[in-house]
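One structure is given here, and the rest of the page talks about it.
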Amino acid sequence: MLHILALFSFLLISSSHAAVQDFCVADLTAPQGPAGYSCKTPAEVTADDFVYSGISVPGNTSTLFNAAINTAFLDKFPGLNGLGVSMARADIATGGVIPMHTHPGASEIILIAKGSVTAGLISSDNSVYLKTLKEGDIMVFPQGLLHFQVNTGRTQALLWVSFGSPNPGLQILSNALFSNNLSSELIEKTTFLDDNEVKRLKALLGGSG
C-alpha cells in the first residue's frame, strides 16, 4: 500500500512541476548540452519565438537530387524546444528524388500538397512498403526506418512534412557511404559494388579514399 501511495505522490509532484512552466523557448545563443538548449527567461521571450517563416517559399530544386528541403527544426525555430514536434517543406522537381534516408530521432508524416509522389519504406526485416500518393494523401514513416520519395508525376511536387521531435536527425544512405573518406576497398567489400562504381559515386558525392 505504501509503495502505491508513494507512486501517486511522485506522479502528483511531477504533474505540478510540469504545470509550473508553460514552455521552454530555446536560448540559441547559449551552448547546447546533452539535455538540449537552456530556456530563455520569460522576459526574453517574444511572439517571434513561436513563429517561423522559413518554409513559406519554394526551395531551389536545381540540385543533384532535383529536390530541396527547407526545415523548421529547433536550430532555427526556438519555440519548438521541448515540444516534441517540427516541420519541413519538400519541393521535388519532375523526376526528382528524396533519396533513401533515415531519421534516427523521430517518426515522420508527409502530406502531398501538390503533384504525385511514389514513397516507400523498408522495415527491419527488409519488407518493402511502397505507395504512389496523390494530392491530399498522407503517409507515415516510423522512426529509424529507411524511406524515400520520388516525384513520378508530371509536375513539381510539394510535400509538407511533420516530425515527432524538434531534432529528428537525418542520415542519407548514399552520402553515408560515398561523401566521406571511408576507403573504396572497404565500401566494395561491404556493398559488393565494383571499384569503378564506388569511385564514380565518391566523385559525384564529394568523397575521397
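Throughout, read-outs are computed from the coordinates displayed, never taken from laboratory work. As the structure is a prediction and not an experimental result, all values here were calculated from the model. Here the Cβ positions follow ideal geometry from the backbone for every residue, glycine too, while neighbour counts run over all protein chains shown.
What the table shows:
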quantity: Isotropically averaged projected area of the stretch 103-185, using the convex hull of Cα atoms (one quarter of hull area), nm²; calculated: 6.8
quantity: Separation in nanometres of the label points that stand 7 Å from Cα toward Cβ, at ASP194 and ILE109; calculated: 4.7
quantity: Given charges at beta-carbon only (K, R positive; D, E negative), |dipole| of the chain in Debye; calculated: 380
quantity: For ALA119, net neighbour charge (Lys/Arg +1, Asp/Glu -1) across residues whose Cβ lies under 11 Å away; calculated: -1
quantity: For VAL25, residues with placed amide H under 5 Å, excluding near neighbours; calculated: LYS40
quantity: Those aspartates and glutamates that a straight Cα-Cα span of less than 12 Å connects to LYS114, excepting residues fewer than 8 apart in one chain; calculated: ASP91, GLU135, ASP137
quantity: Identified option (computed semi-axes √(5λ) of the Cα gyration tensor in Å; candidates (1) 35, 18, 14; (2) 52, 18, 16; (3) 37, 23, 20); calculated: (3)
quantity: The chain: DSSP helices with Cα axial extent of at least 24 Å and average Kyte-Doolittle hydropathy no lower than -1.0; calculated: 2-20
quantity: Neighbourhood charge, 13 Å Cβ-Cβ cut-off, centred on ALA68 and excluding it, Lys, Arg +1 and Asp, Glu -1; calculated: 0
quantity: Net charge of Cβ neighbours under 15 Å - reference GLU135; Lys, Arg +1; Asp, Glu -1; calculated: +2
quantity: Set of lysines near LYS199 by C-alpha distance (under 24 Å), chain-local residues within fewer than 8 positions excluded; calculated: LYS189
quantity: Convex hull projection area averaged over all views, the stretch 170-209, Cα basis, nm²; calculated: 2.4
quantity: Label point distance in nm, LEU205-GLU135, each placed 7 Å from Cα along Cα→Cβ; calculated: 3.5
quantity: FRET efficiency estimate (nearest 0.05) - Cβ-Cβ, ASP48 to LEU173, R0 41 angstrom; calculated: 0.65
quantity: Most to least packed among 179-190, 105-116 [average Cβ atoms within 10 Å]; calculated: 105-116, 179-190
